[in-house]
Amino acid sequence: MARRAGRTYLVKEEQGLHLLSILVLAGLVSAVAGGSPPPDLIGPDKAYLKSVVVFQCKSPGSPAPIAFELLKDGSPVKTRVVPDNDQEAVFRLKISETSEGSYQCRVTTGGTINHSGMIHLQVIILVSGAHVTSDPQPPVLYEGSRLTLSCDVRAGSHLSYTWFHNRQEVTSLPTSPLNPRLLLGNTLIVENVTAEHAGNYYCIARTMLMDRRFSSSSEVNIKVKAHLSVPQISFTISKEGSSYRCNVTCRSSRGTPPVTFRLLLDNVEVGSEVSGESLVAWFPVPVVPGQDMGVLLCRVENDAQLLTSEPLTLEVVPVGGSVTVDIEYLYRFDSKMSAARLQCHLSFGTFPSFSWSLNGSLLFGCCEGSTSHALADAGRTLLLAEITPENSGYYRCRTKDSYDNASAWVESEPVLVQITEVTMATIEVIAIVFCCFLMLTLAGGVACVTRMLRNPRECVQSSQQPEERRFSDNFCIIRPPLPLSEVTSGTALKRLDSCSADNDVSCVDSDLQNQTLEITI
Ligand SMILES: *[C@@H]1O[C@H](CO)[C@@H](O)[C@H](O)[C@H]1NC(C)=O
Ligand SMILES: *[C@@H]1O[C@H](CO)[C@@H](O)[C@H](O)[C@H]1NC(C)=O
């Protein structure tokens, strides 16, 4: 660890004794000339704390007495006057934390001052007592906030740091799952923490000049709290004795407990609960079915957030009005009727329960292994997987208040479910009907044209409305405003209307100006 200050002096040293005799002379000359060669400083550039190091300053060729001074960062720390021709001084230094700096030797001889080159001494303090300090402290923070971890040591100098997250080394590679974050000196900074940043962190501080020496901290557990989501509110009702009670549920889907839930009825707090582990709270509230009890709000809060649910009217409407059933048949790809879906609709009722009957006997919920029917939508929908003679018949839906066994059933009219033979696909049927229609139209058209050519007085457009019926070249128009009396015979008009028989009706020279109409039969 020892080195010499300055290249120039090394050269001199190598030449050693060879130059010595010349230097004695040269010293005298240079003293006279006002300049002797610069002194030479030999010493370590690294030293352990509390060790003792030796700096050696040589000024060969300088005339005695020589005053040697050891300067640290420009100020003298030790002085020695050598009276004889020894031309060198030795300085012993006990290394403390403040010993680090640039050392230089200053030689004063015969009125001249000379400086040696510089040696930068680094004080090595062996690392010990590494520990992680977290900001915030305690290390619990919300998503999106900033986390700063510092690797602090009780002692140590010239340190390098390595961080570990859940026992994995933290690197600043862009592929690292913990990005974005920053390793800066002894700190690890995460600007926007997410749930992934939570976990155990520790650091290792290493003395850079002595790679083997390190100190490892203990683990610090970082907790990242999720922000709360807006709470959802709902309620169920039950009967207790002769009174009714609602069980109001307040629930947040996201967030980190503990949180406090509060229930407000018409803006008055009626309950609060600290939820330490879950994100749900229940509140019992007495109710009277059929009455509007007010508006419920649920609030959830933690030390950072306060969120309020949508309002919910606390009103339980008993089942009432009428009940109807909708049937929807489901067809297979080959257009065979395969299944049916029956849906029960009721006019009102907040908590209805449903049951179904076939030909008057009750169907129970989908029993294990039952393939013929299934209930869905809390019994509101009945699915018949297959329509067979065994499950064809008259279905009824009935409903009552689910919370009150004593309430009366309200029943629908029966609806018939049976297989109806639909053998052809609708599209096929439409296609055939359309073809028939086309062919008929064509045939009719051809017949009409043929007849027209044969008998020009014949009916051309039998589809015309009665008030505007044309007959070949001589046309007559019969309008409803034309009084029947102006037509010679009512029977004739009827027959004219029908316009079907050959040659039995014809119009002769209608003169509309004169409103005369001749009809020959
Ligand atoms: C309310 O409902 C929840 C969930 O079903 C239940 O755990 C709780 O005991 C109920 N509270 C009351 C007061 O009935
Ligand atoms: C239900 O009644 C109808 C009509 O009386 C009958 O056709 C059908 O087979 C009956 N269904 C069952 C499963 O008994």
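The values are calculated or read from the model by the stated rules, or taken from the named source; none is laboratory data. Please read these numbers as outputs of a predicted model, since none were measured by experiment. Backbone-built Cβ (ideal geometry, glycine too); neighbour counts: all protein chains shown. All accessible areas refer to the heavy atoms of the entire protein, side chains included, with ligands and DNA or RNA removed. Shrake-Rupley method; radii C 1.70, N 1.55, O 1.52, S 1.80 Å.
Rolling a 1.4 Å probe over the protein chains gives residue 439 an accessible area of about 130 Å².
Sorting 222-232, 287-297 by their mean Cβ neighbour count within 10 Å, with the most densely packed peptide first, gives 222-232, 287-297. Once you reduce the range 189-229 and the range 57-122 to the center of their Cα atoms, the two points are 47 Å from each other. Taking amide H as placed 1.01 Å from N in the peptide plane, the amide H of residue 330 sits under 5 Å from that of 338, 339, 340, 341, each at least 5 places away or on another chain.
Convex hull of alpha carbon positions in the range 263-398: directionally averaged projected area 13.3 nm².
Phi angles across the range 251-261 convert, under the Karplus curve 6.51 cos²θ - 1.76 cosθ + 1.60 with θ = phi - 60°, into 3J(HN,Hα) values of 9, 10, 8, 10, x, 10, x, x, 9, 10, 9 Hz, Gly and Pro given as x. Within the range 232-340, the chymotrypsin sites (Phe, Trp or Tyr not before Pro) that combine a DSSP coil assignment with at most 16 other C-beta atoms in a 10 angstrom radius are 333. A simple rule links phi to the HN-Hα coupling: the Karplus curve 6.51 cos²θ - 1.76 cosθ + 1.60 with θ = phi - 60°, which for the range 315-330 gives 9, 10, 8, x, 4, x, x, 10, 10, 10, 10, 9, 10, 10, 8, 10 Hz, with x for Gly and Pro. Rounded to the nearest 20, the size of the Cβ-charge dipole of the range 56-162 about its Cα centre is 240 debye, with Lys and Arg at +1 and Asp and Glu at -1.
Per atom type, the range 163-270 shows carbon and sulfur on 51% of its accessible surface, probed at 1.4 Å. Computed with a 1.4 Å probe over protein heavy atoms only, the accessible surface of the range 245-338 comes to 54 Å² per residue.
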